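To keep things clear, I will list the structure first and then write my remarks on it.
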Amino acid sequence: MPDILTDWVHYHSVRRPDSVALSQAETGETLTWIALERRVAALAGALRAHGIEKGARVAVVADNDLRVLETQFACFRIGAVFMPLNWRLTAVELSAQISDSEPSAVVHDGTWSKLVDEILAARAVEHRLAWDADTAIPNYENVLAAGSPVPAGLLEPDAVAQLLYTSGTTGRAKGVLITHGMMATHAVNLAHSSRVAEPDCHHLNIVPWFHAGGLNVFTNPILYWGGRVTTTRRFDTQQTLELLVDPALGITHLCGVLQMYEWMIRTDGFATIEFPALHTVLFGGWSPATRGVYRAFRDRGVRLQLGYGATELGPLVTVLSQANDEAAENGSSGTLLPHTQLRLTDASGNEVEPGDAGELSVRGGAVTPGYWGSPDDEALDGEWFRTGDAGRVDEHGHLYIVGRIKEMYRSGGENVYPAEVEDALVDLPGVRDLAVVGVPDDQWGEVGLLAVVLDHGASLTLEDVHSYAAGRLARFKFPAQLLIIDELPRSATDKVSRPALRHQFESARA
């Protein structure tokens, strides 16, 4: 971790004042580094004048907009904590996060004014400002214009810069502490794997900035190195492709979730599309659709970087940074990034033998020091963060995630990881999407439930599944139940909701 951290915005405003830092796709609005510096300095002064002090939380509820990042950098400058909230959640869920974090201010756009009204009805917050909203709410631009500029200083490596709440699909949402040192370390890591430090970097952001995947995978690292970020307010398939093929923009980087890429490759004309500058496209996680997406982009001259990580981890730990079709086809999440270490342990906490699966723990400069209000969280084991994921590392250093420790089920005394079964069944004929989850069974304790979404006109039986699985899976790993549904249930972060699948299965069986 660097001992001295400079204010990125000010640094680049001196070195490259007239280079574009930020752009808004819908309006064409751009901010050069010097323009961004002036707005950040003024907003920092306005926040300070409103009593926002070092350590105070500033919540943001807004679609992707340049003012979201202005707010982030203004918070950094005065030592406040930037806290973007997930507008996909309900007012009740967000009120709980507001009560937990006790922010001093809420910044929002007009789109989410009503949601913010509902949130603040349950928990008052002292200051509020917005853009494109009701005139009774202090206007963002007016507040910024009245601010006395705050000059840049050094950033404290151990100080909390962001508070990012996890989705809470397995329990109460928790606020992940992200420090300035974590962000700098992660930016350095990605310079080694993903070309974020090159002078012509131009990232197209299509992921909400309340996600670590939108905010901290490419957006902040590329800005850390002085590159350019163009954002869309929300993801739109056609708009994204139009921006990617625009030679005048020269988009080099893209990060998204798997479903976004699936929608892109299904677009008419994708098979002949040309990307003039795109060279680094990344997404985390592995699912049955990954191979198809990887192949489709590879055929267009772009090899996807598969990765593994979490909000708590920087967010990336491993990246498939070199072109390696075999590793990608086999489900590799890549190799370890610099300044990061991992270990795999069994249920007793002992490190497993090479090649065996175990629970993945990570340590390094990009790993969180903990959660808001939970210094003794069970995920923290000294310097190590226990991810709850099960993985294995092959002889070439490639990480393969085989499932969640809590998602593992025991069938007849044998451990089965859903992700392993899903990977073996990925190319089942007639299947568009699938997921596996353990469900109770009188004879075996637990068995696998295979939930599938079929192609139009396709059919599937459990016998078909078993026939296909023969030779690919041990018999005890064969799914014993089959559920055909129209769509896999997903969480607010687009992950398959296994509890919802169990509920659907129980309802169907009842």
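Numbers below:
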{"item": "The one condition in (1) of a type outside the set (Val, Ile, Thr); (2) within 20 Å of residue 482 (Cβ to Cβ); (3) touching a Leu at 6+ places or on another chain (Cβ under 9 Å); (4) surrounded by 14 or more Cβ atoms within 10 Å (Cβ to Cβ) that residue 430 fails to fulfil", "result": "(4)"}
{"item": "Any hit, the stretch 478-499, residues being within 26 Å of residue 405 (Cα to Cα), out of contact with any His (no Cβ under 7 Å at 6 or more places or on another chain) and aromatic (Phe, Trp, Tyr)", "result": "no"}
{"item": "Answer from 332, 361 - the residue that is over 20 Å from residue 185 (Cβ atoms), among the polar types (S, T, N, Q) and modelled with pLDDT of 90 or more", "result": "332"}
{"item": "Matching entry among 335, 387 (being β-branched (Val, Ile, Thr), closer than 26 Å to residue 175 by Cα and not assigned by TED's automatic domain parsing to the domain that holds residue 415)", "result": "387"}
{"item": "Hits in the stretch 231-264 - residues which are surrounded by fewer than 19 Cβ atoms within 10 Å (Cβ to Cβ), hydroxyl-bearing (Ser, Thr, Tyr) and in contact (Cβ under 8 Å) with a residue 60 or more places away in the chain", "result": "232"}
{"item": "The stretch 364-410, residues that are modelled with pLDDT under 85 and of a type in the set (A, V, I, L, M, F, W, C)", "result": "402, 405, 408"}
{"item": "Residue pairs meeting the criteria (Cβ under 6 Å; at least 6 apart or on separate chains; first farther than 19 Å from residue 155 by Cβ, in the stretch 1-23; second part of a strand (DSSP E or B) and modelled with pLDDT of 95 or more)", "result": "18/32; 20/30; 20/32; 20/228; 22/31; 22/229; 23/30; 23/230"}
{"item": "Conditions (1) farther than 20 Å from residue 505 by Cα; (2) among the small types (Gly, Ala, Ser); (3) at pLDDT 85 or above; number of the one not met by residue 413", "result": "(3)"}
{"item": "Selection from the stretch 474-510 of residues that are at pLDDT 85 or above, over 13 Å from residue 438 (Cα atoms) and touching a helix residue (DSSP H, G or I) at 6+ places or on another chain (Cβ under 8 Å)", "result": "485, 488, 489"}
{"item": "Wholly enclosed helices (runs of 4 or more DSSP H) of the stretch 81-158 bearing at least 1 residues within 19 Å of residue 174 (Cβ to Cβ) and either touching a residue at least 12 places away in the same chain (Cβ under 8 Å) or touching a strand residue (DSSP E or B) at 6+ places or on another chain (Cβ under 9 Å) (or both)", "result": "91-101, 113-122"}
{"item": "Selection within the stretch 159-180 - of a type outside the set (S, T, N, Q), touching a residue at least 40 places away in the same chain (Cβ under 8 Å) and part of a loop (DSSP other than H, G, I, E, B)", "result": "159, 168, 172, 173, 174"}
{"item": "Matching residues, the stretch 182-204, being of a type in the set (Val, Ile, Thr) and either within 13 Å of residue 320 (Cα to Cα) or in contact with a helix residue (DSSP H, G or I) (Cβ under 9 Å, 6 or more places away or on another chain) (or both)", "result": "188, 196"}
{"item": "Odd one out for residue 267 among (1) surrounded by 15 or more Cβ atoms within 10 Å (Cβ to Cβ); (2) in a loop (DSSP other than H, G, I, E, B); (3) β-branched (Val, Ile, Thr)", "result": "(1)"}
{"item": "Residues being under 19 Å from residue 344 (Cα atoms) and not in a loop (DSSP other than H, G, I, E, B) - total across the stretch 361-379", "result": "4"}
{"item": "Any chance residue 349 is loosely packed, with under 14 Cβ neighbours inside 10 Å, touching a Lys or Arg at 6+ places or on another chain (Cβ under 8 Å) and either of a type outside the set (S, T, N, Q) or part of a helix (DSSP H, G or I) (or both)", "result": "no"}
{"item": "Residue ID - nearest to residue 212 (Cα to Cα), chosen from residues in the stretch 288-305 that are touching a helix residue (DSSP H, G or I) at 6+ places or on another chain (Cβ under 6 Å) and part of a loop (DSSP other than H, G, I, E, B)", "result": "304"}
{"item": "Residue list for the stretch 325-346, restricted to those being in contact with a Ser or Thr (Cβ under 8 Å, 6 or more places away or on another chain), part of a loop (DSSP other than H, G, I, E, B) and without any contact (Cβ under 8 Å) to a residue 24 or more places away in the chain", "result": "none"}
{"item": "Filter result for the condition that a residue is within 16 Å of residue 408 (Cα to Cα) and among the charged types (D, E, K, R), over 472, 490, 502, 509", "result": "502"}
{"item": "Counted residues, the stretch 336-358 - those being in contact with a strand residue (DSSP E or B) (Cβ under 8 Å, 6 or more places away or on another chain), farther than 17 Å from residue 185 by Cβ and polar (S, T, N, Q)", "result": "1"}
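Each row is one residue, and each column tells you yes or no for (1) assigned by TED's automatic domain parsing to the domain that holds residue 335; (2) assigned to a loop (DSSP other than H, G, I, E, B); (3) more than 28 Å from residue 165 (Cβ to Cβ).
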| position | (1), (2), (3) |
| --- | --- |
| 182 | yes, no, no |
| 196 | yes, yes, no |
| 218 | yes, no, no |
| 238 | yes, no, yes |
| 246 | yes, yes, yes |
| 249 | yes, yes, yes |
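Quick grid of which residues meet (1) more than 19 Å from residue 65 (Cβ to Cβ); (2) among the basic types (Lys, Arg); (3) in contact with a Gly (Cβ under 9 Å, 6 or more places away or on another chain):
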position	(1), (2), (3)
92	yes, no, no
140	no, no, no
150	yes, no, yes
184	yes, no, yes
187	yes, no, no
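The values are calculated or read from the model by the stated rules, or taken from the named source; none is laboratory data. Predicted model, so just to flag it, every value in this text is computed and none were measured. Glycine gets a Cβ as well: all are built from the backbone with ideal geometry, and neighbour counts include every protein chain shown.
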